[in-house]
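Q: My structure is below; once you've seen it, I'll send some questions.
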Amino acid sequence: MDHLDALENESIYIFREAQRKFKDLAMLWSIGKDSTTLLWLARKAFFGKVPFPLVHIDTGFKHPMMIEYRDRMAKEWEVDLIVARNEEAIRSGASPEKGRFACCNALKTQGLQQLLDRRGFKGIFLGIRRDEEGSRAKERIFSPRDKNFEWNYKDQPPELWDQFNTSFRPDTHVRIHPLLSWTELDIWEYIRREEIPVCSLYLSKDGKRYRSLGCVPCNFPLASGASTVDEIIEELKVTKTPERAGRAQDHEAAYMMQKLRSLGYP
Amino acid sequence: MSGQDTLRIVIAGHVDHGKSTLIGRLFYDTGSLPEERYREIERTCREQGRPFEFAYLMDALEEEREHNITIDTAQTFFKTSLRPYIIIDAPGHKEFLKNMITGAAAADAAILLVDGAEGVREQTRRHAYMLSLLGLRQVVVAVNKLDLVGFRRDRFEEVEEEIRGFLLSVGIVPAHVVPISAREGDNIATSSERTAWYSGLTLLGALDSFFPTRDIAGLPLRFPVQDIYVGDGKRVYAGRVESGSLRAGSRAVFSPSGKKAVVRSVEKWKQPALPEAHAGECVGVTFTEELFVERGEVLSEEGEAPLAVREISASLFWLGNEPLRLSSRYVLKLATSEVEAVLSAITERIDSSTLEVTERHANRVENLEVANVTFTLLHPIAADTFKENPRLGRFVVEVGEFVAGGGIVREVRSDRPGGATRVVRLTAMMNTEPDGNFIDLSREAGPVEFEVSPGFVARLGEGEKVAIRLCTADQLERISRLAFGYGLGMTFRRGSEGNRVVLFREGPVSQAATEEGFPVI
């Protein structure tokens, strides 16, 4: 079994375990390469029919090409798509100009929390990876959040032999991370092998491409000539630039990502 | 593409024996530490008037972590010319042992780090013991800080002998014992002239000699049912092949139910039906006949089936904040089975750092201790010993919501043979506890029968009550038949202290009334 097969099987096992243990599941689909790979794996795990809804937290700042791609794929793959927006914050004019931390927290984290409260989801699949950003590396595969959405990273229960912690108090929800062991390069090699369609913003245009997709005002394309998946893979093998270099919220202030994440940011 | 699959390693050892420095060194010597980061460490060390220290890479993050959890874990990936490596747990966590165990349980190999000046210490032994309990067999020992003892061969050999002796007592034979200085880079990537007396592999050479251990070849088939998907007019049994291979058309048997079946198809999404699936593969299986088996049943080939196990003796490590207590009830999870079990014996309680047996026939196991224990299961499950098949020979123990311990199965015993039914005599002479008459059946998972003496009924007639603590629903059924037959009242409560039935009798024998839904004769 090669490396990608091993990762694929690990993720499928996690999906099936979660589906068996939790009634009210949903999956966050940010439209990016990771959560689209996650969606592909969910289709594999459940023989083509994803048994839970997909949630896109729409901040109103997403690139039109992301929205077009989202709607096209949702239709083609026949998924149950929920688009969630923190309408109140959008109406009151939340924007990065008034502070990126507040904007991310209101439009993404609170947008997600409102949806969880409304729909009562008990488990949320997320496409985060250990290698992508500091605080994500310490995650467990099944990671509980309390009713205030907080993550107690200092005292996490052990997780061994694929025996996940799946019984939680009623006021908690659990984040489930089937891609934790994957690297950015694994994702692209898998996308190539499986021929998973990705949003074209990842491909170089006029010497620039997006390494990571986010909101238009806070996400910048990086200099790159990689216009095909093959070229992206070659680029990743030699680059020294971090994946999230173009994501402004990571660099706004020290530890901002970690603060956002301890409050419940994916 | 990399030539070989990623190897997952964990670094264990006593605090201050040089783990941070070693990680920094491994990144640097494999070209995995960005130049920018190297210069940053250099600058900081110069500013503080200290010699260059790789540990600073980790220490700096450590300080940051006092107030947050940022850690540059992209750095936990490094590469040799052979293959990529992942260091599963980076250092510096408060609950270090829990993380070490979480990491080691997923690792292919371990580096056990020992300070050459200090020698083997408490956590060296504890970690080594945990590695052994987790079944990790690919271990390299790195005897570090040899620069502090002048690269003396006799000192290295002293430490080597000490650690080899200890490892042997926990069943580990290290593949290599390498003399190193992580700080100065001796025998990490290249052989050091300062240890000319050493002709073995470098540390990276030793790591490159290990193998990924995901695949378990050569063992009998074990396919635990994970879930059942019904749709398109068929039932698909989803699961992962834990060992052996699963072939379409083969005759197979489920354990513990003993149901037999012929495999019709082995399926994956978007792929033509597979002739067979191998260890590690998640597949869906259909059978030629309609079957009804539950999650937790294990498919194997006829003649090679695991036992339907009623009792498990195990070596267990305990991480719970509350002690593990004799006669208490726990949930065990083994492969996809989940079973309630009573801790029926704590044969030996062991100090996990000295391996000393601190108590025999104990009542409790404390946090960080290891013990040899026996669990009586409330219903049978399919299990193997760890020696026969590690995938079905290990389990975790849940307390409340969380995993609080793990164990490896040393011995299994199947259902008691017929005739071993426990007979409980209910007589007028009962042990009287402060809160009344009390019979404890909470450790009797097997079949139970009751014999009732006339004196027993008479005593209840005098207004006494008897409480019975139960283990199985089967016992509840028998007691309710008994109550029905003898005209007794009963209450049943399932609470924090277990399942409890109280038997009583109200009024004289002739009174025709009902109590709690049961007729009183």
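Q: Can you list residues from other chains, or at least 5 along the same chain, whose modelled amide H is less than 5 Å from the amide H of B:Arg264?
A: Long-range HN contacts for B:Arg264: B:Gly249, B:Thr286, B:Phe287, B:Thr288.
Q: Still on this structure, please answer the following. Compute the accessible area of each residue in region A:1-17 twice, once for its chain alone and once with every protein chain present, using a 1.4 Å probe on heavy atoms, and list those whose area falls by at least 50 Å².
A: A:Met1, A:His3, A:Asn9, A:Tyr13, A:Arg16
Q: Next question. Given H placed 1.01 Å from N in the peptide plane, which residues other than close sequence neighbours of B:Val309 have an amide H under 5 Å from its amide H?
A: Answer set, sorted by chain and number: B:Ile381, B:Ala382, B:Ala383.
Q: Hey, what D do you get for chain A in µm²/s if you plug the Kirkwood alpha-carbon radius into Stokes-Einstein at 10 °C and 1.306 mPa s? Before the final figure, lay out the partial values.
A: On the way: Rh = 18.9 Å.
Value of D from the Cα-based Kirkwood radius: 84 µm²/s.
Q: Cα convex hull of chain B: how many Å³ per residue? All intermediate terms of the calculation are to be shown ahead of the outcome.
A: Details: hull volume 108.4 nm³, N = 521.
Cα-based convex hull of chain B, divided per residue, equals 208 Å³.
Q: Give me a comma-separated list of calculated 3J(HN,Hα) values for region B:251-268, in order, Karplus coefficients 6.51, -1.76, 1.60 applied at θ = phi - 60°, integers in Hz, x for any Gly or Pro.
A: Once θ is set to phi - 60°, the couplings for region B:251-268 become 8, 9, 9, 8, 10, x, 5, x, 5, 10, 7, 10, 6, 8, 8, 10, 10, 9 Hz.
Q: Under a 5 Å amide H to amide H cut-off, with H placed in plane at 1.01 Å, what residues pair with B:Ile188 once short-range neighbours are removed?
A: B:Leu203
Q: Taking R0 as 45 Å, what FRET efficiency do you get between A:Arg91 and A:Ser167 from their Cβ-Cβ distance, rounded to the nearest 0.05?
A: Result of the calculation: an efficiency of 0.70.
Q: What's the buried accessible area, both sides, between A and B using a 1.4 Å probe, rounded to 100 Å²?
A: 5300
Q: Between A:Arg192 and B:Arg493, with labels modelled 7 Å along Cα→Cβ, what's the label distance in nm to one decimal, could you check?
A: 6.6
Q: Can you compute 3J(HN,Hα) from phi for each residue in region A:114-120, using the Karplus curve 6.51 cos²θ - 1.76 cosθ + 1.60 with θ = phi - 60°, rounded to whole Hz and x for Gly and Pro?
A: 4, 5, 4, 4, 5, 9, x
Q: Same structure, new question: Of all the C-alpha pairs in region A:202-251, what % are more than 14 Å from each other?
A: Tail of the P(r) past 14 Å holds 48 percent of the pairs.
Q: How much FRET efficiency would the formula 1/(1 + (r/R0)^6) give for A:Leu203 and B:Thr213, where r is the Cβ-Cβ distance and R0 is 60 Å, rounded to 0.05?
A: The calculated FRET efficiency here is 0.95.
Q: Per residue, how many Å² of accessible area does the protein assembly as shown show with a 1.4 Å probe?
A: Numbers: 32860 Å² over 787 residues.
Normalised by residue count, the accessible surface of the protein assembly as shown is 42 Å².
Q: When only Cα pairs under 8 Å and 6 or more residues apart are kept, what is the percent relative contact order across region B:223-301?
A: The value is 39 percent.
Q: Using Cα springs under 10 Å in a Gaussian network model of chain A, which residue among A:Met73, A:Met65, A:Met27 shows the largest mean-square fluctuation?
A: Maximum fluctuation in the GNM of chain A, among the listed residues, is at A:Met65.
Q: Whenever you get a sec, compute what percent of the accessible area on chain B sits on carbon and sulfur atoms (1.4 Å probe).
A: Roughly 48 percent, rounded to a whole number.
Q: Continuing with this model, one more query. Using heavy-atom solvent-accessible surface (probe 1.4 Å) with all chains present, what is the largest-first order of B:Val331, B:Val365?
A: The most accessible residue leads, giving B:Val331, B:Val365.
Q: Ok, one more. If I model a spin label as a point 7 Å beyond the Cα along the Cα-Cβ vector, how far apart are those points for B:Val331 and B:Lys270 in nm?
A: Modelled inter-label distance: 3.5 nm.
Q: What is the average number of partner chain Cβ atoms found within 10 Å of a Cβ in A:183-195?
A: 1
Q: Hey, what D do you get for region B:223-301 in µm²/s if you plug the Kirkwood alpha-carbon radius into Stokes-Einstein at 25 °C and 0.890 mPa s?
A: The diffusion coefficient I find is 200 µm²/s.
Q: Could you pull out every one of the aspartates and glutamates with an alpha carbon less than 16 Å from that of B:Lys333, ignoring same-chain neighbours closer than 8 positions?
A: Answer for B:Lys333, where 16 Å is the Cα cut-off: A:Glu17, A:Glu159, A:Asp162, B:Asp227, B:Glu242, B:Glu294, B:Glu297, B:Glu311, B:Asp384, B:Glu398, B:Glu401, listed by chain and number.
Q: Using only helices, what value at 222 nm comes out for chain B when you add -39,500 (n - 2.57) per DSSP H run of length 4 or more and divide by the total residues, to the nearest 500 deg cm²/dmol?
A: Value at 222 nm, helices only, nearest 500: -6000 deg cm²/dmol.
Q: Step through the table entries B:Lys19/B:Lys145; A:Lys23/B:Lys260; B:Lys260/B:Lys387, compare each Cα-Cα distance with 23 Å, and write down the pairs that go over it. Write out the running numbers ahead of the final one.
A: Numbers: B:Lys19/B:Lys145 11 Å; A:Lys23/B:Lys260 31 Å; B:Lys260/B:Lys387 26 Å.
In this structure, A:Lys23/B:Lys260; B:Lys260/B:Lys387 lie more than 23 Å apart at Cα.
Q: While we're looking at this one, here's another question. Which values, in whole Å and largest first, are the semi-axes of the equivalent ellipsoid of the protein assembly as shown obtained as the square root of 5 times each eigenvalue of the Cα gyration tensor?
A: Values for the protein assembly as shown, descending: 49, 35, 26 Å.
Q: Now for a different question. In nm, what is the difference between 0.36 nm times the number of residues separating A:Lys98 and A:Thr228 and their Cα-Cα distance?
A: Taking A:Lys98 through A:Thr228 to full extension adds about 43.1 nm, to one decimal.
Q: Please list, in order along region B:173-183, the HN-Hα scalar couplings obtained from phi with the Karplus expression 6.51 cos²θ - 1.76 cosθ + 1.60 (θ = phi - 60°), rounded to whole Hz, x for Gly and Pro.
A: 10, x, 5, 8, 10, 10, x, 9, 10, 5, 5
The values are calculated or read from the model by the stated rules, or taken from the named source; none is laboratory data. None of these values were measured; they are calculated from a predicted model. With ideal geometry, Cβ positions are generated from the backbone for all residues, glycine too; neighbour counts draw on all protein chains shown. Just the protein is used for accessible areas: all its heavy atoms, side chains included, with ligands, DNA and RNA removed. Shrake-Rupley method; radii C 1.70, N 1.55, O 1.52, S 1.80 Å.
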